[in-house]
1. Output yes when any residue across the stretch 69-81 is within 26 Å of residue 156 (Cα to Cα) and charged (D, E, K, R), and no when none is.
2. Output the residue which, of all residues in the stretch 1-54 that are of a type in the set (Phe, Trp, Tyr) and at pLDDT below 50, is nearest to the chain's Cα centre (by Cα).
3. Is there any pair with a first residue in the stretch 74-85 that is open to solvent by 60 Å² or more (accessible area, probe 1.4 Å) and a second that is of a type in the set (S, T, N, Q) and in a strand (DSSP E or B) whose Cβ atoms are under 9 Å apart and which are 6 or more apart or on different chains, and what are they?
4. Going by the conditions given, is residue 160 surrounded by 11 or more Cβ atoms within 10 Å (Cβ to Cβ) and assigned to a loop (DSSP other than H, G, I, E, B)?
5. Pick from the stretch 117-157 the residues that are open to solvent by 80 Å² or more (accessible area, probe 1.4 Å), in contact (Cβ under 8 Å) with a residue 24 or more places away in the chain and of a type outside the set (S, T, N, Q): which of them is farthest from residue 52 (Cα to Cα)?
6. Would a scan of the stretch 102-112 turn up a residue that is at pLDDT 95 or above, more than 21 Å from residue 158 (Cβ to Cβ) and of a type in the set (A, V, I, L, M)?
7. Within the stretch 32-52, identify whether any single residue is charged (D, E, K, R) and surrounded by fewer than 12 Cβ atoms within 10 Å (Cβ to Cβ), and answer yes or no.
8. All but one of (1) in contact with a Phe, Trp or Tyr (Cβ under 8 Å, 6 or more places away or on another chain); (2) open to solvent by 70 Å² or more (accessible area, probe 1.4 Å); (3) at pLDDT 95 or above hold for residue 88, so report the exception by its number.
Amino acid sequence: MPFTFINSNTFNNYRSIYMAYKGKYTVKNKKKYVGDPTKVTYRSLWERNAFRWAESNPQVRAWNSEEVVVPYKCKTDNKLHRYFVDMLIEMTNGEIILVEIKPKKQTQPPKAARKTKKHLNEVTAYIKNTSKWNAAQQYAKHKGWKFQIWTEDTLRNLGIKVLKG
């Protein structure tokens, strides 16, 4: 059987069909959602499952997705940007948590490697993310809230289903 080469457009189409998990989320418990329930988008299966968890968890009084916007200055370009936080969750005990959902690997500095384009992209993404997270931490502290980064470990500990994509 001959080996078939595919071009980058074919690969990107394949990747978007089979590897990218995003879509519109239908809010079932509209009383719990703070914001416009018709504009909820998940950008990963982990986010979608966290939304389901928030809706069905009796300890969650209210929640939203990407409704909280935190301004931040990115260390990669020294410019102001806007960070749309994945979730805001208000618990029945009054605790309010801003949540970022990320794979654990992306929450740790990239390992030293040869200076490849891939490594440079990982370093740049990490610096951008830490700029966002530092701003969100300060924003949450100012409001009397908490900021948390939920990884696959956090999700599992909360009983949220984690699938590998």
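1. We begin by selecting, within the stretch 69-81, every residue within 26 Å of residue 156 (Cα to Cα); these are none.
So far as the stretch 69-81 goes, no, none of its residues is within 26 Å of residue 156 (Cα to Cα) and charged (D, E, K, R).
2. Filtering the stretch 1-54 down to residues of a type in the set (Phe, Trp, Tyr) leaves 3, 5, 11, 14, 18, 21, 25, 33, 42, 46, 51, 53.
Now narrow it down to the ones that are at pLDDT below 50: 3, 5, 11, 14, 18.
On the way: 3: 38, 5: 34, 11: 24, 14: 23, 18: 19 Å.
Residue satisfying both the conditions and the ranking: 18.
3. Pairs that qualify, where the first residue is open to solvent by 60 Å² or more (accessible area, probe 1.4 Å) and the partner is of a type in the set (S, T, N, Q) and in a strand (DSSP E or B), are 84/65.
4. Details: surrounded by 11 or more Cβ atoms within 10 Å (Cβ to Cβ): yes; assigned to a loop (DSSP other than H, G, I, E, B): yes.
Spelling it out, residue 160 is indeed surrounded by 11 or more Cβ atoms within 10 Å (Cβ to Cβ) and assigned to a loop (DSSP other than H, G, I, E, B).
5. At the first step, the residues of the stretch 117-157 found to be open to solvent by 80 Å² or more (accessible area, probe 1.4 Å) are 117-118, 120-121, 128, 134, 137-138, 141-143, 146, 156-157.
Okay, now just the ones that are also in contact (Cβ under 8 Å) with a residue 24 or more places away in the chain, so 128, 134, 143, 146.
Okay, now just the ones that are also of a type outside the set (S, T, N, Q), so 128, 143, 146.
Working: 128: 28, 143: 26, 146: 21 Å.
Selected residue: 128.
6. Looking through the stretch 102-112, none of the residues is at pLDDT 95 or above, more than 21 Å from residue 158 (Cβ to Cβ) and of a type in the set (A, V, I, L, M).
7. Initially, the stretch 32-52 is screened for residues charged (D, E, K, R), giving 32, 36, 39, 43, 47-48, 52.
Now drop any that are not surrounded by fewer than 12 Cβ atoms within 10 Å (Cβ to Cβ), which leaves 36.
Checked the stretch 32-52: at least one residue is charged (D, E, K, R) and surrounded by fewer than 12 Cβ atoms within 10 Å (Cβ to Cβ).
8. In the conditions (1) in contact with a Phe, Trp or Tyr (Cβ under 8 Å, 6 or more places away or on another chain); (2) open to solvent by 70 Å² or more (accessible area, probe 1.4 Å); (3) at pLDDT 95 or above, residue 88 misses (2) alone.
The values are calculated or read from the model by the stated rules, or taken from the named source; none is laboratory data. Source: prediction; values computed, not measured. Methodologically, a virtual Cβ is constructed for each residue, glycine included, from the backbone with ideal geometry; neighbour enumeration extends over all protein chains shown. Protein only, heavy atoms only, side chains kept; ligands, DNA and RNA dropped before computing areas. Shrake-Rupley method; radii C 1.70, N 1.55, O 1.52, S 1.80 Å.
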